[in-house]
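Taken together, the values in this text are just the output of simple stated rules run on the coordinates, not laboratory data. Since the structure is predicted, the reported quantities are computational estimates derived from the model, not experimental observations. Cβ placement follows ideal geometry from the backbone for every residue including glycine, while neighbour counts extend to all protein chains displayed.
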Amino acid sequence: MKKFKVNSLLILFTSILFLSACNQDPKWKGQEPIVRVSTLTKPIQYQLKKTFDLGNGIYCSNDFDGARLNGVVLTNDTLVSALITPENTPINGSPWYAFKIWSNSEKNIYLKLTYLEGVSHRYYPKLSRDGLSWNNLDSINYLPDTTSIMEGGAPSNITMKLSVSTDTLWVAAQELITSKHMQDWTDDLATISYITKSTIGESRDGRPIPVLKIGVADDKKMIIVLSRQHPPEVTGYLAMKAFVEAIATDNELARRFRDEYNTYIIPMVNPDGVDNGHWRHNTGGIDLNRDWEDFNQKETTLVKAFLTNKLESSKGEFYFGVDFHSTFHDIFYTIDPELKGNMPGLVPDMIQAMTEDIPNFDPNIKPGGLDGPKISSTSFLFYELGAESVTFEIGDDTPRDLIKKKGEIAAIKLMELMLK
Ligand SMILES: [Zn+2]
């Protein structure tokens, strides 16, 4: 009898625990807080760029911008094994891959993606026939190695079933958007009368880093948009594009905004990392988004110089700053709302207003700690410039039409609030 009571109590307690767990906020908690690291230049490993003749009439290539394929071999008649490694270590687990594959006759093959020891697979494969339009690999052809699940729940390797032929197949972690694509997009925008394009300087490896200016105001009131410090973060870049295009569009709201505010956009802070197919770093081997206090890297130093020169020459202010990134799920990393910049409340109000026009949108907002290290771009924009700032993170797998909508609606709500 006594034993029965103990068991009943145990069941009761377990049920209470289970129910309270169910009641917890199910939202993703975001990445671990960032920690201060040295941002002094370190060596990186460049890829050997070539066409790999695998035998059996099968070929692979990494000889294009944005590619990453560090080794590849034909393991048996139909199994191709690829090795994907980062530019250097330690590094965040964002294993980017991109390569082309073809064969001299039509055949079905298996392609296995393996990574550096201790790294798990992250990006669902995308396929393209022309390098411009991309589709997810059909799920029936996606074979994750369920015997190799690592901490975090992802496998250490995956295999995809592909049909290859003389028509080149592009395989990549996300849509391929290199510095060339960014240059084409910004050139197109700059044909509009109220948009100008210039550069803030050149990256370590000599690639121009463009800046767009949208607006016909004097520089008394400005906003700043950044993206692509981290090369694989294509979904954040897509949101940035939609955000910028909403400010560039020809309607009443955007016209009024451009009359009062100038918007500066640096769409690709790390073009060397992007074109070299890096997982995370610039060619100085550093995570640029940890260098906004020490400014040891050329790219961050150029952005800082551009912004501070702008302030000095105009005697104006930056009222808002956004840096677009990608992570596992959509999230906003904000500045603690206790702290007031040049337009207090702007970021929380913008996010709240977005919920009016995006169905079922329940934003995940994570305010930054007050005493954490101030080493990221949005810390710099807030603490040094007074701009109300936000790190706008898009999930790796967020549907592309929703990404576009979020970018566009964020810009519309921001313009409405800033004109009030
Ligand atoms: Zn990032």
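Below are the figures for this structure:
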read-out	value
Residue check, Lys340 part of a helix (DSSP H, G or I), more than 16 Å from the ligand (Cβ to nearest atom), within 22 Å of Tyr261 (Cβ to Cβ) and not β-branched (Val, Ile, Thr)	no
Leu79 being surrounded by 15 or more Cβ atoms within 10 Å (Cβ to Cβ), in contact with a strand residue (DSSP E or B) (Cβ under 7 Å, 6 or more places away or on another chain), under 20 Å from Met160 (Cα atoms) and not hydroxyl-bearing (Ser, Thr, Tyr)	no
Enumeration of residues in segment 343-361 that are farther than 17 Å from Gly386 by Cα and not in a helix (DSSP H, G or I)	Ile358, Pro359, Asn360, Phe361
So Arg290, is it touching a residue at least 12 places away in the same chain (Cβ under 8 Å), within 16 Å of the ligand (Cβ to nearest atom) and buried (at least 24 other Cβ atoms within 10 Å of the Cβ)	no
Residue selected from segment 381-398 under the condition within 15 Å of the ligand (Cβ to nearest atom) and part of a strand (DSSP E or B), by the criterion surrounded by the fewest Cβ atoms within 10 Å (Cβ to Cβ)	Gly395
In segment 247-281, the residues that are touching a Gly at 6+ places or on another chain (Cβ under 9 Å), within 13 Å of the ligand (Cβ to nearest atom) and farther than 26 Å from Ala190 by Cα	Trp279, Arg280, His281
Residue within segment 306-324 that is touching a Phe, Trp or Tyr at 6+ places or on another chain (Cβ under 6 Å) and within 16 Å of the ligand (Cβ to nearest atom) present	yes
Filter result (among the hydrophobic types (A, V, I, L, M, F, W, C), within 16 Å of the ligand (Cβ to nearest atom) and in contact with a strand residue (DSSP E or B) (Cβ under 6 Å, 6 or more places away or on another chain)) within segment 189-246	Val225, Leu226, Ala239, Met240
